[in-house]
Amino acid sequence: MDTFLTYTVFGLSTAAIYAVAASGLVLTYTTSGIFNFAHGAIGMFAAFVYWQLRFQWGWPTPVALVVVLFVLAPLFGAILEVGIMRGLEKASEAVRVVVAVAVLSGLVGLALWIWPPNTARPFSGFYPGSKIHIAGAAVTAHQLISMGCAIAVAIGLALILRRTRAGADMRAVVDNRALLVVFGGRPDRVAALSWAIGASLAALAGILIAPALQLSVLPLTLLVVNAYAAAIIGRLSRLPATFVGALIIGLAEAYGVGYLSSRGGFFGGIRPAIPVLILFVALLALPHARLRGQLSRRSLDWFPSPSMSRAVASAGALVVAALVLGPHLGPANLFTANRALALGIVALSLVPLVGYAGQVALCQMSFAGIGALAMANTAPGGSPLGLVAAFVVAAVAGAIVALPALRLRGIYLALATAAFAVALDRWVFIQDAIRLFGRKIPLFGIYSVNVARPRIGGVSFGSNRAQLVLLAMVFALFALLVVAIRRSAYGRMLLAMRESPAACATLGLRLTVTKLSVFALSAGMAGVGGALLGGVHTAVAADTFSFFQTLPVLLLAVVGGIGTVNGAFLGAVLLGLFQAVARIFPSTNNVINVLPGLAGVGLARNPGGLASDLHMAVAGLRAGRPRRRPAESAEVPVEWIGIDRAITPADVAALDAALGMSSAR
Amino acid sequence: MSTLAAPVETALGPILELRGIHAGYHGIEVVSGVDLSVLPGEIYALVGPNGAGKSTTVAVAACLHAPTAGDVLLGGRVVNGARPQDLCHLGVCLVPEGRSVFPNLSVHENLWLATHAGVALDEIESRAYGRFPVLGTRRAQLAGTLSGGEQQMLALARAVAVNPAVLLVDELSMGLAPVIIAELYGFIREIASAGVTVVLVEQFARTVLGLADRAAVMSNGKIVGAGRPDEVEGVLEAAYLGAL
């Protein structure tokens, strides 16, 4: 009984922290429509800043707390909204997700730069050592404070949202942003305020959880995945249900620690994955109020349809370039190029799925990992059948993930796929083996797995140079496939599904088949990319294919331009360049970690990606003058383009007089 | 604080004027050279078939949409570049197309948002519930759960609450029963008689022409006829049947 109580107290205190984090997430999502994937990273960063102030520089606790929670974090949140997120109003869901992911990876890079890992950073909770006993269970002061914070946040948010006009404004922005403007409200201020509050809550959660996780960058950042589940149980809009969700997750996790950890076997390792499994189940089980609303969002994206002859020429050029360049590259550059091309294949697999079909998936590297495992297990000698197996197994896995996710769109799909990826990271990939259909299939375990380099038709692609040619060939083939898809009826179906699933359904298109097939195809391509990546490394461990590894690939693919094959290639080139620079100038390593984030943040200004910019520039050169996309105006525009000057009080008085109104302003 | 006064002397000229407005979306022009002048205190109807550019025209007038060319004048002064919020504070209020309420906010909270223009909440509520008692009985109900007619009542009550000098109403009658439309038009007439200038945009022309002092007919982004209702009646058929 005592242990039960102890675990309950432990669960309640983590639940409290999840509730604080999740309510910040819900607040920012409802008022801006942007799911802040960087929420955990903000909390992580705030915890580090707090550590710096409190423990490194020895500031008094209250001063450090006030500075972090009420000055720095809200300021950061507001700047984030004003500087980055505000530009995303018209952007597609993929770009929204990617920009938030970019902020996440930028913050992670920055934190690793400022506070290098592998240094012990003692981080004690509030009033260390002091505890009280309730019904035989010890409750530490830190746990009590955590619970108190959650209650205070709950009451405070309820008061703000229900009892102040700023709160009514926040909820009005969600309903109809343009209408609020018509009535003189300032949606931009409302959004900045809610992001400020959201960032402050993230910071509070980060500081409260840090003592339990020992101030390290990635676990703190990923912690928010647990809070995602609570937010989803609150359907991303209801704070009370969010708190209930946090309770469920906190307690389930605590009881998992208490009663599951001693067991062995496949399901013995399930404990770290509990929150993401709850997230997955919650996503599938709960109805989604906002889904319908998203149908009305229109975004203009760029999906050129190149001619087949041109695509063949480009694909051929790539292979020839690989043949010509290969002998001139040193081993290190060859490795970088090979790795970038293999990841480029994974990025290419995102084009039909995220680009054409508009399905934002965050588990592409997991499929790549499955492909690498399939290659390792079926073709230890490098038989090309291994690549086929990688495609097939990953495609099947893709279909299996897509099946429950069929009814999910947008951010919900992104979260479900993130949950899948994290569940594989924390639970499945690190197992030694899995039993399926009576066969024992080895997995990564905690060591690395050898992946053979392919040998096709007696030609060995064992050398690094041959690898480059092989990768270029596979990339070229898949690129042709993607171009062919874009030009086909199937491709038009994908684009149509992206624009309006409802309209597609009324036209008699079978959405289920379309969605499943594009998921399977994309996962299959990623699987081949993973198998080849495994070959490039010759031995790969589970962390090569973790959730975090998906982020830069998606990021750079979208930065390159997710609607085009060229975009995926550009993404790969960027990836390779960043690595090459980091290798040649080791001192720039930290800057390089931040770069993908910065590049992604740049998307907020140009959602079409680099490929569209280059296309416009080239087209402009051809026409003899720089060509720009015409200035676009929104369907429900709130900004006045071409502002002459702001209205002054003198104008108001003059107008009031002209309108025959008594002016007492 | 601005308060409503009697209709302004017509000697002051038009209260709202559009001069040579061109506007469009994504480079496609939907309004091509619209001139419009609305006199103080009148009910002005802007009618025309679907896609004629009416809604875009009023969005331009409310500074919600930027024209590619032309000027918007309020009380004889160019207000190009004003933010829509500022225009609201200056007394121009748009009731956009569709049910323009905040569906997840209660009736009370919907009215609360009208206080941005400076009128106290108590004042707004007493006015709204006085004119539409049914809203008073639904004070705590979410606006999204009201009937279509009640939602439009709420939208109008809230719009009037900001003490507008010019009220722009886009498709008030859309999807409503004739008896409700009659009730709402009665309210529009009351608003106008209190000195507010009203611009009504309607796709179904006949009923609104009975209410308006003057009207303009739009077709394919241009004004094809303007004047007293009986004067524009002649061009209606051609505008709607596509002869223009």
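The values are calculated or read from the model by the stated rules, or taken from the named source; none is laboratory data. Note that the structure is predicted; figures quoted are calculated from it, not measured. Glycine also receives a Cβ, built like all others from the backbone with ideal geometry; neighbour counts cover every protein chain displayed. The accessibility values were calculated without ligands, DNA or RNA, using every heavy atom of the protein model including side chains. Shrake-Rupley method; radii C 1.70, N 1.55, O 1.52, S 1.80 Å.
What to note about this one:
- For A:H537, the accessible surface of its heavy atoms amounts to roughly 60 Å² (probe 1.4 Å, protein chains only, rounded to the nearest 10).
- Solvent exposure ordering (accessible area, 1.4 Å, most first) of A:C149, A:C363: A:C149, A:C363
- All aspartates and glutamates inside 16 Å of A:K440 as judged from Cα atoms, apart from same-chain residues fewer than 8 positions distant: A:D432
- Å² per residue, accessible surface of the protein assembly as shown at 1.4 Å: 39
- Förster radius 56 Å - calculated FRET efficiency between A:I434 and A:S309, Cβ distance, rounded to 0.05: 0.75
- When the solvent-accessible area of chain A is split by element, carbon and sulfur atoms take up 67 percent of it, the probe being 1.4 Å.
- Here B:K222 is the anchor, and the lysines within straight C-alpha reach of less than 20 Å, apart from those fewer than 8 places off in the same chain, are B:K54.
- Aspartates and glutamates with Cα under 19 Å of A:K90, excluding same-chain neighbours fewer than 8 positions away: A:E81, A:D175, A:D188, A:D301, A:E499, A:D613, A:E632, A:E635, A:E639
- Along the axis of the charge dipole computed for the protein assembly as shown (Cβ charges of +1 for Lys and Arg, -1 for Asp and Glu, origin at the Cα centre), the listed residues A:I400, A:V139, A:F10 are led at the positive end by A:I400.
- Protein-only accessible surface order, largest first, of A:V594, B:V224 at 1.4 Å: B:V224, A:V594
- Chain A: proportion of alpha-carbon pairs further apart than 47 angstrom, %: 18
- Label-point separation, A:L260 to A:R162 (7 Å along Cα→Cβ), nm: 3.4
- Heavy-atom accessible area for A:S460, with the other protein chains in place and a 1.4 Å probe, reaches approximately 60 Å².
- Largest accessible area first, the residues A:H328, B:H22, A:H142 order themselves as A:H328, B:H22, A:H142 under a 1.4 Å probe with ligands, DNA and RNA left out.
- Accessible surface of chain B [probe 1.4 Å, protein heavy atoms]: carbon and sulfur percent: 56
- Highest average packing first - B:131-137, A:347-353, A:8-14, A:427-433, Cβ atoms within 10 Å: A:347-353, A:8-14, A:427-433, B:131-137
- Rounded FRET efficiency, nearest 0.05, which uses the C-beta distance separating A:S500 from B:R139 and R0 of 30 Å: 0.20
- A:V388 accessible area, 1.4 Å probe, all protein chains in place, Å² to nearest 10: 80
- B:R77 paired with A:V281, simple spin-label distance in nm, labels 7 Å along Cα-to-beta-carbon: 6.4
- Neighbouring partner chain Cβ atoms per residue of B:73-85, average, 10 Å criterion: 6
- In a simple Cβ point-charge model (Lys, Arg +1; Asp, Glu -1; nothing else charged), the protein assembly as shown has a dipole of about 2940 debye relative to its Cα centre.
- For chain A, relative contact order (Cα pairs under 8 Å, six or more residues apart, normalised by length) works out to 20 percent.
- Remark: mean inter-chain Cβ contacts per residue of B:105-116 equal 5, using a 10 Å Cβ-Cβ cutoff to other protein chain atoms.
- Average 1/r across all pairs of distinct alpha carbons in chain B, invert it, and you get the Kirkwood radius: 18.1 Å.
- For residues of A:165-171, the mean tally of beta carbons on other chains within 10 Å: 4
- Cα-based shape type of the range A:314-546, given that a ≥ b ≥ c are square roots of the gyration tensor eigenvalues and the cut on a/c is 1.5: oblate
- Full extension of the chain segment joining A:D613 with A:V581 gains 9.2 nm, where the gain is 0.36 nm per residue of separation less the Cα-Cα distance.
- Mean residue ellipticity (222 nm) of chain A, computed from DSSP H runs ≥ 4 via -39,500 (n - 2.57), nearest 500: -21500 deg cm²/dmol
- Computed E for A:S460/A:A317 - FRET, C-beta separation, R0 22 angstrom, nearest 0.05: 0.30
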